[in-house]
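Below is one structure, written out as structure tokens; the observations come after it.
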Amino acid sequence: MNLPSPRVVPDPPAVAAADALATLLLPVTPLTPQCSVAEAGERFLEAANAKLLSLPVVDGGRVLGCVTRHELMLRVYMQPYGRELHGRRAVTTLMDLRPLSLSIDSSIEAAGQLIGRSLRQPITEDFVVLDTDGHYAGMGVVLDVLRALELRVGQHAQELEAAYRRLKASQHRLVQSEKLATLGQLVAGLAHEINTPLGYVQNNLAMTRDLLPGAAELAGAGAALLDATLDGDAQDWQQRAERLSAARAAFDPSLFGDLSALLDDTLHGVAQIADLVGNLKDFSRVDAAHSEAVDLHGLIDAALRIAGHILKQRNVQVQCRYGELAPLRCAPAQINQVLLNLISNAAQSIDHEQGMIMIRTQMLGGYALVAVQDNGRGIAPDVLPRIFEPFFTTKPVGQGTGLGLSICQQIVQAHGGRIAATSTPNSGTRFVVALPLSTAAAKVPA
Amino acid sequence: MNVDKPCVVLIDDEERILRSLSLLLRSRYDVLATTNPVQVLDWVRSRPVHVVVSDQRMPTINGVDLLRQIRDHSPRSMRLLLTGYADLAAVEAAVNEGEIFRFLEKPWDALKLQDTIADAAQIAQDEFARLTPPVTAVTPAGEPVREIVFAPVLVLDEDPLSVTVVRELLPPGSLVVPASTVETALARIEQQEYGVILAELRHSSDDVIGALKLLKQASPRTLAIACSSLRDGRLLIDLINQGQVFRFLPKPLSRELLRRALQAALERHRELRHEPHRLRRHVVEAPREVSLSSRVLDYLRRIRDQARLRA
């Protein structure tokens, strides 16, 4: 016998699909065709059969039918004189000739399906389990099957949830990598923008330092000569005049003009670096989750400065036509990301010399509108409907994740706004972002 | 103005950079500075320009393109790139198209910049002092490698495919020798002079990059074509400044690019044999750190001694 013990409820994880029904099998001793109705009634009372709704009638391994507890009660025990009238009759007179039967090698799912199709409400019977030759093997309890199915479904739900979590995490990673790609582009541009002023600032300071001793000597020699003049010491005076003349030969006083120009440039450079760093700070504000009332125009200006290198590289002119805008409650860092994305996309779409980006703002029907229009190559009509799809990109492999605009859309929608694009191939593209001015619609994500 | 001063041309789209550098250099050089690339081309066409220092990112042209045009007009001018951000594409183009002398970064060290420009100016002055201008080899696409006797080519790569490709690209009878380690490569170079070494930068055990840098010092006439799937701008800048690597090819190797690189390198090697003074253009900075065994360093010492004997 390799059948499992009938009373053991199978552990859910141990349930293998192939022999699943076998694990639920109860090796019930069947009734014989000769058995009387009264005897069948007594068999139902046995402790071993307490759980069963029906008992099989088997002759020589062949299942003739099943007698249900329900039928027995209804037709015999609950009828007046039922036991006296029917008790001695053969059990075959009460038997259902077509009981629910299942092969021992069917899966729990298949059993569940068959049960679902054939059982009536309320559940009044269990099912016969046949071995692979079609002979009686034992009984199966409908409730056991349902319980096993429930466990199975629970397991699937867990797997589904794990899969969902994995998907969610990988989406998060992709969004992060898009942010990193934007960041990489930013760093490249910023490094250039900062290193250029840093280059002349450092050089100017090094030169100033090298010029200082000569300047100090000139001043010292001048002062010494003045002292000698005041003292009226002729010999000293002669000596000191020579020193002054040597100092002047080494340090031409016209150099002071150069020094002053150098220092003006240096101050300008330092201010430029401070400005860039300031913008960067605005740009990457960590309080992304916090919604605050900000001036949208300030955000546009900051994004333009950050994108400065891309614009300069492509010699793109920018025109801003700002309308009246009330302060807007939003996550500034996120809106900055959207603006930078739109501006750099616009710049990248331009491959001619007369590049122009026009940025317009206005208030309309409770929304702040920002339109970014370029005169670049435009987007083909078959591509336009797909631009906000995640992973859709027309850039060569490795140059874009295809998430930029999809993230823009996510951010704008999370602010309760909308983003849309219109385009004419070879003439330009226009993106419009509409953000609600009232705070009610905006629920800013973390 | 002192007419004997070497001429240094500066171009950058930031005028303050020009002002700052002009002041730094004007005592020793005749400094011409502009934000206009066309002006630079006018200058190199109309007068001897010893050194050109160009910014990389400019609104109308990038530095590599400008330096390439300058090379065509005035091959004796020494070309330096001064850039605020070394993106990989720019560095690769600087090697392959600009054939630049040095890749400098902003912010720069004033003393080091002056030394570098002094070196470059000295080399250019010597070349301008000679009467015949050198000819630069230009290989049009698709033209087969000409049937001339080429110097031997050494292929340092653990992947045997590279040597096969090189053999296929060169005319029959050319000597192409494989080496799978730095030590065997150097042992071969000690035995005879190689015109070109094609080297994969990535190696399972050896510091190929360090070896290339030292090899340039020991045997400056051997031109290095570096190739790798490893693409790192910083590393390549060092290979320009400290190894004067002649070409950089990304892997997998493009046959056409490799063919052109081999041809250009072999022709340059021939020129260097005939005009040894031009070797000075290949002078390198001392490398910062190299991890090579003492045996390898011994090879390099012997190769250097032999190269001196040959020169």
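The values are calculated or read from the model by the stated rules, or taken from the named source; none is laboratory data. The structure displayed is predicted, hence computed values, not measured ones. Counting neighbours? That spans all protein chains shown, and the Cβs are built from the backbone with ideal geometry, glycine included.
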Next item on the list: Determine whether the stretch B:3-10 contains at least one residue that is part of a strand (DSSP E or B), surrounded by fewer than 23 Cβ atoms within 10 Å (Cβ to Cβ) and more than 10 Å from every other protein chain (Cβ to nearest Cβ).
Entry: yes
Item checked: Which listed residue, of B:LEU253, B:LEU230, B:LEU212, is in contact (Cβ under 8 Å) with a residue 12 or more places away in the chain and in a helix (DSSP H, G or I) -> B:LEU212
Next item on the list: Pull up the stretch A:307-347, narrow it to residues that are of a type in the set (S, T, N, Q), within 23 Å of B:ASP65 (Cβ to Cβ) and not in a strand (DSSP E or B), then point me to the one that is modelled with the lowest pLDDT.
Entry: A:GLN313
Notebook entry, point to check: Hey, among the residues in the stretch A:263-280 that are surrounded by 15 or more Cβ atoms within 10 Å (Cβ to Cβ) and modelled with pLDDT of 90 or more, which one's nearest to the other protein chains (Cβ to nearest Cβ)?
Noted result: A:ASP265
Notebook entry, point to check: Mind checking which residues of the stretch B:54-110 are at the interface with chain A (Cβ under 10 Å from one of its Cβ atoms) and of a type in the set (Phe, Trp, Tyr)?
Noted result: B:TYR85, B:TRP108
Notebook entry, point to check: Could we say that B:PHE248 is in contact (Cβ under 8 Å) with a residue 24 or more places away in the chain, of a type outside the set (Asp, Glu) and part of a strand (DSSP E or B) here?
Noted result: yes
Note to self: Regarding the stretch A:103-125, can at least one residue be identified that is under 22 Å from A:PRO27 (Cβ atoms) and touching a Cys at 6+ places or on another chain (Cβ under 7 Å)?
What the structure shows: yes
Next item on the list: Quickly run through the stretch B:85-103 and pick out the residues that are in contact with a strand residue (DSSP E or B) (Cβ under 7 Å, 6 or more places away or on another chain), outside any helix (DSSP H, G or I) and not basic (Lys, Arg).
Entry: B:ALA86, B:ILE100, B:PHE101, B:PHE103
Check: If we keep just the residues of the stretch A:225-262 that are outside any helix (DSSP H, G or I) and either within 12 Å of chain B (Cβ to nearest Cβ) or closer than 18 Å to A:LEU212 by Cα (or both), which is modelled with the highest pLDDT?
Finding: A:PHE251
Margin query: Suppose we filter A:ALA221, A:ALA215 for residues that are part of a helix (DSSP H, G or I), more than 10 Å from chain B (Cβ to nearest Cβ) and crowded, with 19+ Cβ neighbours inside 10 Å; which single one remains?
Written below: A:ALA221
Notebook entry, point to check: Taking the stretch B:12-34 as the search range and keeping residues that are over 17 Å from B:ALA110 (Cα atoms) and in contact with a Pro (Cβ under 9 Å, 6 or more places away or on another chain), which one is farthest from the other protein chains (Cβ to nearest Cβ)?
Noted result: B:ASP30
Margin query: Let me confirm something: among B:LEU81, B:LEU25, which residue is in contact with an Asp or Glu (Cβ under 9 Å, 6 or more places away or on another chain) and surrounded by 20 or more Cβ atoms within 10 Å (Cβ to Cβ)?
Written below: B:LEU81
Notebook entry, point to check: For B:LEU131, all conditions in the list (1) assigned to a loop (DSSP other than H, G, I, E, B); (2) of a type outside the set (Asp, Glu); (3) at pLDDT 90 or above hold save one; what is the number of the exception?
Noted result: (3)
Notebook entry, point to check: Can you name the residue in the stretch B:277-310 that is more than 26 Å from B:THR181 (Cα to Cα) and touching a Lys or Arg at 6+ places or on another chain (Cβ under 8 Å) and, of all such residues, is surrounded by the most Cβ atoms within 10 Å (Cβ to Cβ)?
Noted result: B:LEU279
Notebook entry, point to check: So which residues in the stretch B:42-67 are out of contact with any Lys or Arg (no Cβ under 7 Å at 6 or more places or on another chain), crowded, with 19+ Cβ neighbours inside 10 Å and not in a loop (DSSP other than H, G, I, E, B)?
Noted result: B:TRP43, B:VAL44, B:VAL51, B:VAL53, B:SER54, B:ASP55, B:ARG57, B:ASN62, B:GLY63, B:VAL64, B:LEU66
Item checked: Output for the stretch B:23-71, where each listed residue is in contact (Cβ under 8 Å) with a residue 60 or more places away in the chain and closer than 13 Å to B:ILE100 by Cα -> B:VAL51, B:VAL53, B:ARG71
Notebook entry, point to check: Yes or no: B:VAL145 modelled with pLDDT under 55 and closer than 19 Å to B:LEU249 by Cα?
Noted result: yes
Notebook entry, point to check: Which number in (1) in contact with a strand residue (DSSP E or B) (Cβ under 7 Å, 6 or more places away or on another chain); (2) closer than 23 Å to A:ASP252 by Cα; (3) modelled with pLDDT under 95 marks the one condition that B:PRO48 misses?
Noted result: (2)
Next item on the list: Taking B:ALA185 as the residue in question, decide whether it is closer than 16 Å to B:VAL95 by Cβ, small (Gly, Ala, Ser) and buried (at least 22 other Cβ atoms within 10 Å of the Cβ).
Entry: no
Next item on the list: Taking B:ASP30 as meeting all but one of (1) modelled with pLDDT of 90 or more; (2) touching a helix residue (DSSP H, G or I) at 6+ places or on another chain (Cβ under 8 Å), write down the number of the exception.
Entry: (2)
